[in-house]
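Student: Below you'll find the structure I mean.
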Amino acid sequence: MNKILAGLLFGLFLGALDGATAAFYPETRNLMTGILVGSSIKGMLVGLLSGWFARKVQSMKWGIAMGAALGLLFAFGVAAMQHEHYLEIMLPGFVTGGIIGFLTQRTGTPKLAEKREA
Amino acid sequence: MDVSDSVLDHLRHVAALPDLSGTRYELECEIGRGGMGVVYAARDRQLDRRVALKVLDAALAGEAQLIARLEHPAIVPIYETGELPDGRAFYAMKLVAGARLDGYLGGSPSLGERLRVIRRIGEALAFAHTRGAIHRDLKPQNVMVGEFGEVYVMDWGVEAVAGTPAFRAPEARLDRRSDIYALGALIEFMLAAPGVAAAPPALRAVAAKAMRADPGARYPDVAALLADLERFQEGLAVEAWSEPLGHRLQRFASRNAVLLWLLAAYATVKLALFFWQTR
C-alpha cells in the first residue's frame, strides 16, 4: 500500500472518529451527519497531503509536524466557515493531524521502494 | 638464577623461535598462542608491512587452506601460506590492530555495541557454515575488535581442536550446532561482562536456547539465531522466549511510545474542552 492511500484511509477513519465525538455535546446532535461528512473530508485531505509529504520526506518528526500543521490549517478553515468554535475545532484537528502524519510515516511504502517493487 | 641459567633460557627462547630464513618475513615478536600454533608479529620485507604469522604443526597445514577459502569481512584474510626450513607450515595473515574481545569488553561498551559485535561474529559463522567449515573453538580470545570497530573471527579450527570448556558444546562430535552453542556461550559471556546493568531476559533466553544440551533443541542454524537477535533489536518478541503479559505490554508501549503520547494528547484535549464547555 502506498503512503498516499494509507494517508487517505487513516484520514477518513480518524476524521470520522473525531467528528463522532461531537455527539457528546447535546447541541450538535442534530448536525451530526454534516459534522461527520465534513470531518471525514477534512481528515482525508490531511491524510492525502501527509501521505504525499511522507513519500518525499522520511522523517517521523517532520511527518508529525506537517500533519499537525495541515490539521490546524484545515480545522481553521472549517471553524472560519462557522465563525465560531475555533478552539473546539482547531485543537483536536491539530492533534488528529499529528496522528495522521505519524501514521503516514510509519506505514505504507516510500516512493523509492515503490519504484523498486515495480 | 645465575648467568649460565639466563644464557640457557635465552638459548631455549631463541631455539623455539621459527626460522624464517628463505621467507620474505622478518620476525618481530610473539603475540599469542592459538589452537595448534603460535602467532607472531612479523614484517613483510617485500611489501614493507606488518603481518601476523601463524606457525603450525606440519600435520595441521590444512587449516590455512580452510581459512583461505573463507573470504568474508569478519574473517581475517590469509595473504600467503608456506613451509619453514624445519618443515612446519605457516601462514601470513592480516595483523589486526585492536583488542581481543575479552579486552574490548573491559571498556564497558553499550549493549547495542555488544549486539553489533555478536551479529558480526554470527555472520562470519553463518558464512563459514555455508562453505562447509566450522570454527570448533569460538571464544572471546579468538575474536578481535579492530580500532575502527571492525570484528574479526580468528583461529578457525581443525579436527584436532577440542574446544575450550566454557564454550564447548557437550556433544562428542562437533558440528555446526556446536558453533551455535559456542555463540550462545559468547552472548552469555558478553552480557555478563561489566557495563550492562541487567541483561534483558529476551537476550538471556536467546543465549540459553543456543546453549541447550540437546543439539536438536538449539537454533537450527546461525541465521535463525541472528534473526532472533534482530527481532530483539527491533523491539519484537523473540522466538526463544514466551514473554509474560506485563513484559509484552511494556514492549508494546516502548515500541509505540510516540503514538501513545499523541493519543494521550488527543484524549487530554478532548476532555479539557468537554469540561471547559460543561462547567
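Student: Within the set of other residues whose C-beta is less than 14 Å from the C-beta of A:GLY47, count the net charge using Lys and Arg as +1 and Asp and Glu as -1.
Tutor: With Lys, Arg at +1 and Asp, Glu at -1, the net is +3.
Student: Using a Gaussian network for chain B with springs between C-alpha atoms less than 10 Å apart, which of these wobbles most: B:LEU101, B:LEU183, B:LEU245?
Tutor: Result: B:LEU245 has the largest fluctuation of those listed.
Student: Let me ask you something else. Computed FRET efficiency, Cβ-Cβ of A:VAL37 and A:SER59, R0 35 Å: what is it to the nearest 0.05?
Tutor: 0.60
Student: Just name one of B:LEU229, B:PHE275, B:LEU245: the one whose Cα is farthest towards the positive end of the charge dipole of the stretch B:157-279 (beta-carbon charges, Lys/Arg +1, Asp/Glu -1).
Tutor: Checked the options; the winner is B:PHE275.
Student: Considering only B:LEU27, B:LEU70, B:LEU53, give the residue with the highest GNM mean-square fluctuation for chain B, with springs between Cα atoms whenever their separation is below 10 Å.
Tutor: Its mean-square fluctuation being the largest, the pick is B:LEU27.
Student: Strictly greater than 24 Å: what percent of every Cα pair in chain A meets that?
Tutor: 26
Student: If you take each beta carbon of peptide A:86-93 and count the beta carbons of other chains within 10 angstrom, what is the mean?
Tutor: That average works out to 3.
Student: Here's a follow-up. What are the ³J(HN,Hα) values, in whole Hz, obtained from phi via the Karplus relation 6.51 cos²θ - 1.76 cosθ + 1.60 with θ = phi - 60°, for each residue of the stretch A:12-17 in sequence order, with x given for Gly and Pro?
Tutor: Ordered by residue, 3J(HN,Hα) equals 4, 5, 6, x, 4, 5 Hz.
Student: Related question: What is the average number of partner chain Cβ atoms found within 10 Å of a Cβ in B:186-199?
Tutor: 0
Student: Follow-up. Taking a point 7 angstrom from the Cα of A:LEU87 along the C-beta vector, which residues in the stretch B:257-279 have backbone N less than 20 Å away?
Tutor: B:265-279
Student: Would you look at the GNM of chain B, springs on alpha carbons closer than 10 Å, and say which of B:ASP228, B:ASP137, B:ASP19 moves the most?
Tutor: Sorting by GNM fluctuation, first place goes to B:ASP19.
Student: Once amide H atoms are placed 1.01 Å from N in the peptide plane, what residues at a sequence separation of 5 or more from B:GLY32, or on another chain, have their amide H within under 5 Å of its amide H?
Tutor: Those lying under 5 Å, H to H, from B:GLY32 are B:VAL39.
Student: Give me a comma-separated list of calculated 3J(HN,Hα) values for the stretch B:74-82, in order, Karplus coefficients 6.51, -1.76, 1.60 applied at θ = phi - 60°, integers in Hz, x for any Gly or Pro.
Tutor: 9, 10, 4, x, 8, 8, 7, 10, x
Student: Let me ask another. Which cross-chain or sequence-distant (5 or more) residues have an amide H under 5 Å from the amide H of B:LEU56, H modelled 1.01 Å from N in plane?
Tutor: HN-HN under 5 Å from B:LEU56: B:ALA89, B:PHE90, B:TYR91.
Student: A further question follows. Can you list residues from other chains, or at least 5 along the same chain, whose modelled amide H is less than 5 Å from the amide H of A:ASN2?
Tutor: Here the answer is A:THR109, since their amide H atoms fall under 5 Å of that of A:ASN2.
Student: Of the options A:ALA68, A:LEU17, A:ALA80, report the single residue whose Cα projects farthest towards the positive end of the charge dipole of the protein assembly as shown (beta-carbon charges: Lys, Arg +1; Asp, Glu -1).
Tutor: A:ALA80
Student: Residue separation times 0.36 nm, minus the C-alpha to C-alpha distance between B:ALA217 and B:ILE31: what's the value?
Tutor: 63.1 nm
Student: Continuing with the same structure: Any idea what diffusion coefficient the protein assembly as shown gets from Stokes-Einstein, in µm²/s, Kirkwood Rh on alpha carbon pairs, 4 °C, 1.567 mPa s?
Tutor: Here the translational diffusion coefficient equals 50 µm²/s.
Student: If you look at just the Cα atoms of the stretch B:232-278, how large are its Rg and its Dmax in Å?
Tutor: Rg, Dmax (Cα atoms, Å): 16.2, 53.
Student: How far is helix B:245-255 tilted off the main Cα axis of chain B, in degrees rounded to 10, range 0 to 90?
Tutor: 80
Any read-out appearing in this document is the output of simple, stated calculations on the displayed coordinates, not a laboratory observation. Treat the numbers as computed from the prediction; the structure is a model and nothing was measured. Note that each Cβ is placed from the backbone with ideal geometry, even for glycine, and that neighbours are counted across all protein chains shown.
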